[in-house]
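Readers should treat all values here as calculations from the given coordinates under stated rules, not as data from a laboratory. Predicted model, so just to flag it, every value in this text is computed and none were measured. Please note: Cβ atoms are built from the backbone with ideal geometry, for glycine as well, and neighbour counts cover all protein chains shown.
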Amino acid sequence: MNTQNIHLSMRTGSDGRQMAIAEMLRSRDFITVEELAVHFAVATQTIRRDLIALCDQGVARRRHGGIESVTQGKNLAFKDRSVLNREAKQSIAAAVASHVHDGASLSFGIGTTPQIVAEALLSTHRDLKVVTNNLPLALMVARGSDFTLAIAGGNVRGSDLDVCGPSIDSFFASYKVDIAIFGVAGVDEDGSLLDFSQDEVRVREAMLRNCRKSYLVLDSSKFTRAAYVHGGRIDQVTAVFCETEPPARIQRMLDQSGVQFIRSSGPA
């Protein structure tokens with residue numbers, strides 16, 4: 001049994017295990033209950049509860065003795081990602097909110113963590129200017145605040161609920177925001193930022209070219225996630241927000257480059 005796996009299970013709880021199991025299913029057709037119980041050093045009954053939750057969310061299907069993937073070879077749909085690791089994402093959002101001033105202009109990228117950051121800002125801030133290609137985030141801001149809102153036009157990716165395509169560069173180039181807030185699919189051990197498509201990388205790079213500060217928001221599961229499209233490095237942003245400390249090699253990169261690492265008050 002890997003000691004790191006035991007520590008991860010104890011630190012992240014059911015949300016962390018469920019996210020990790022969902023990620024394991026990206027490269028596996030089938031995983032048994034017994035294998036998962038050993039991997040996370042918990043009882044089989046605990047794993048069965050996690051698997052029931054994942055199946056209820058549509059992330060996996062039950063098979064005798066375990067579960068099988070319903071999303072082989074691609075990212076989870078937005079609605080499925082939004083319920084995973086939510087406690088960690090909310091703590092990250094609270095930390096980001098404390099580093100945003102009233103009246104700031106912000107660009108938001110795709111994904112669930114940026115949306116949860118925007119949700120936190122709705123209840124704490126005034127007079128924000130929001131620029132985004134994230135459709136659920138834009139709808140939430142439009143319905144729930146008097147913030148100024150600009151949204152990208154173009155092709156909508158149905159499972160991710162965002163706007164991508166050739167027009168995205170000119171959209172973000174039309175604004176010079178105070179802070180760009182974005183996530184990634186994964187961070188490689190060498191510091192490379194990873195996503196699942198070139199469209200996602202293009203959005204992030206367009207945001208980075210048109211901001212004064214850049215905040216990378218990610219929960220700790222992203223440090224072990226194997227996405228495959230490379231775009232940029234973790235030491236090229238202004239600050240990184242996460243609920244746990246990063247791997248030692250990543251922390252050294254951040255220290256050497258002067259990137260601020262901000263640990264939120266997430267699960268210990």
To the nearest 10 degrees, how steeply does helix 248-257 sit against the main Cα axis of the chain, on a 0 to 90 scale? 10 degrees
Any idea what angle helix 112-122 forms with the longest principal axis of the chain, computed on alpha-carbon atoms, 0 to 90 degrees, nearest 10? 50 degrees
May I ask you to list the chymotrypsin sites (Phe, Trp or Tyr not before Pro) in the range 190-237 that are in a DSSP loop and have at most 14 other Cβ atoms within 10 Å of their Cβ? Y228
For the chain, find the longest principal axis of its Cα atoms and tell me its angle to the long axis of helix 3-24, 0 to 90°, nearest 10. 70 degrees
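Please work out how much length the chain gains when fully extended from R209 to L149, using 0.36 nm per residue of separation minus the C-alpha to C-alpha distance, in nm with one decimal.
Result: 19.6 nm gained on full extension.
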Proximal lysine pairs in the chain, meaning Cα under 27 Å and 8 or more positions apart or interchain, come to 13
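Evaluate Rg over Rh across the chain, taking Cα atoms for both radii and Kirkwood's formula for Rh.
Numbers: Rg = 18.3 Å, Rh = 19.0 Å.
Rg divided by Rh gives 0.97.
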Computed [θ] at 222 nm, helices only, for the chain once each DSSP H run of length n ≥ 4 contributes -39500 (n - 2.57): -12000 deg cm²/dmol
